[in-house]
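Asker: My questions will all concern the structure given below.
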Amino acid sequence: MGYAEGDGVAEDDAEAVKWFRKAAEQGTALAQFNLGVAYDLGKGVAEDDAEAVKWFRKAAEQGHAKAQVNLGVAYIFGSGVAEDYVVAHMWNNLARAQGDEGADKFLEYVVKRMTKEQIAEAQKKALDWEAGHQGGE
């Protein structure tokens, strides 16, 4: 991660963000995720929940599991987006399907706050999303 972790160079969050942004704008999911983290934590840029969500969404839509978890968490707590347990469940469910263990605790949290109908809707959204993303994004 070079500048982000001081790997071979002095750690420099602002410089890391510069490089993450270049790669993120070219569609690299990992860079989009890392840029989202930078905005979420205010590392190298001003903290900005809406901007974090923007980058998490771009990576999540490419199937990046940790971005899916972070996007789901944003929807659970209304950070940068309106609180929406159905959408939160959908993103964390997608991440869990990829084996992301962090998704489990957030699914457990959100399920306790949802009706059976909301859970069914979230599961359908996840299945629909997966069907629309088969074979290559």
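Throughout, read-outs are computed from the coordinates displayed, never taken from laboratory work. Treat the numbers as computed from the prediction; the structure is a model and nothing was measured. Methodologically, a virtual Cβ is constructed for each residue, glycine included, from the backbone with ideal geometry; neighbour enumeration extends over all protein chains shown.
Asker: With +1 on each Lys and Arg Cβ and -1 on each Asp and Glu Cβ, how big is the dipole of the chain about its Cα centre, in debye rounded to the nearest 20?
Answerer: Result for the chain is approximately 400 debye, rounded to the nearest 20.
Asker: Relative contact order (percent) for the stretch 65-137, with alpha-carbon contacts under 8 angstrom and 6 or more residues of separation?
Answerer: 29
Asker: Excluding residues fewer than 8 places away in the same chain, name every one of the lysines whose C-alpha is closer than 28 Å to that of residue 43.
Answerer: The reachable lysines, counting only those whose Cα sits under 28 Å from residue 43, are 18, 22, 54, 58, 66, 105.
Asker: To the nearest Å, what is the center-to-center distance of the stretch 87-137 and the stretch 24-82, using C-alpha atoms only?
Answerer: 17
Asker: What length, rounded to one decimal in nm, is gained on full extension from residue 124 through to residue 22, with 0.36 nm per residue of separation minus their alpha-carbon distance?
Answerer: Gain on stretching residue 124 to residue 22: 33.2 nm.
Asker: Ranked from highest to lowest mean number of other Cβ atoms within 10 Å per residue, what is the order of the peptides 49-55, 111-117?
Answerer: 49-55, 111-117
Asker: Could you give the C-alpha radius of gyration of the chain expressed as a fraction of 2.2 N^0.38 Å, taking N as the number of residues it contains?
Answerer: Normalised Rg, Cα atoms only: 1.09.
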